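Only the coordinates and a few stated rules stand behind these numbers; no lab work does. On a predicted model such as this, the values are computed, not experimentally measured, just so you know. A quick note on method: Cβ atoms are made from the backbone with ideal geometry, for glycine too, and the neighbour counts reach across all protein chains shown.
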Amino acid sequence: MSRLQSMTGFARSSREHEAGSIAWELKSVNGRSLEVRFRLPPGFERIEQAARKKVQKRFARGNVQASLTFAPNGSLRQPVVNEPFLNEIAALAQRMHEEFGAAPARADGLLALRGVLDYADPVADENVRASLDAEILAAFDEGIDGLGMSRHREGAALEAVLLEQLSTIEKLTERAGSDPSRRPENIRARLGEQVSRLLETQAGFDQDRLHAEAAILAGKADIQEELDRLRAHIAAARALIAEGGPIGRKLDFLGQEFNRESNTLCSKSNASTVTAIGLELKAVVDQFREQVQNLE
């Protein structure tokens, strides 16, 4: 099983009980924190608190929706007629027939009216109710297990993608570090050309001061610190992935740091080859940050 979990997943579970059929449907999508919503049949609100605690114990992030369907056993469903209300409706229908010539009321029509016919609660017995609640929560446990497996499968796919992206970031970092433009002799030659052009076109320049300023600019353009931080962030990201668990927020922070360093690398670069590497690095970092948003 993957060390990482995605925040997206889906699962179903079902069980049979003497009172009826139980079916759960659970799905999870991305979320900044853990949010759990239940859709329960009337009368089953009693199990929500226990079910909510199970989700909170299992998951750290994601919007989880859990829907319960309960189909009562037909043999236990006893019809109950509200006779006082039926008598009132029948009397009113008879009066309308006599006074206004309305069609006579039919039994099936009267029984179809809301509030006339209902069915007794098939789980009115406390022992049956307790047994049913236990079975519903057992089915919910199975659903949570299925949702967890689904999220881990998604997490395994994400882990492979993230590790591949980190490898690409590392390769680009090393390419930038070994770019020929960063060799001391090439830096000196490039600065020498720039200083020479300035001296040729401008009069009255202090040559020693100009060389000193050029050296300062060369120092500011050095990207060694950015390369070192990128390497440190890569190592930290790999360590987090190896650790597993709910690391989405931590990897998201590292993604921001990757982005900051790649931006700085591009802005400090004084060679087109390094700038091209920096732009490629930014693209991969953006992809990395996008994938991290799916992690728990």
Estimated FRET transfer efficiency when R0 is 51 angstrom, pair S178-K57 (beta carbons, to 0.05): 0.55
Kirkwood hydrodynamic radius of the stretch 13-82, from inverse mean 1/r over distinct Cα pairs, in Å: 13.8
Cβ-Cβ FRET estimate between E18 and N87, R0 fixed at 45 Å, reported to 0.05: 0.80
Spacing of the two label points (7 Å from each Cα toward its C-beta) at E99 and L113, in nm: 1.5
Mean Cβ count within 10 Å, highest first, over the residues of peptides 89-96, 54-61: 54-61, 89-96
Spin-label proximity, E164 to the stretch 276-296 - amide N less than 19 Å from point 7 Å beyond Cα toward beta carbon: 280-295
Long-range amide H partners of G20 with built H, under 5 Å: N73
Span from the the stretch 227-296 Cα centroid across to the the stretch 8-67 one, whole angstrom: 36
With 10 Å bins from 0: P(r) over the stretch 79-119, alpha-carbon pairs, percent: 30, 51, 17, 2
Per residue, the convex hull volume that the Cα atoms of the stretch 1-153 enclose (Å³): 149
Descending semi-axes in Å of the stretch 218-296, equivalent ellipsoid built from Cα gyration tensor: 26, 13, 8
Distance in nm between pseudo-label sites at K268 and E243 (7 Å out along the Cβ direction from Cα): 2.7
Ordering of 42-49, 254-261, 234-241 by packing [mean C-beta count within 10 Å, highest first]: 254-261, 234-241, 42-49
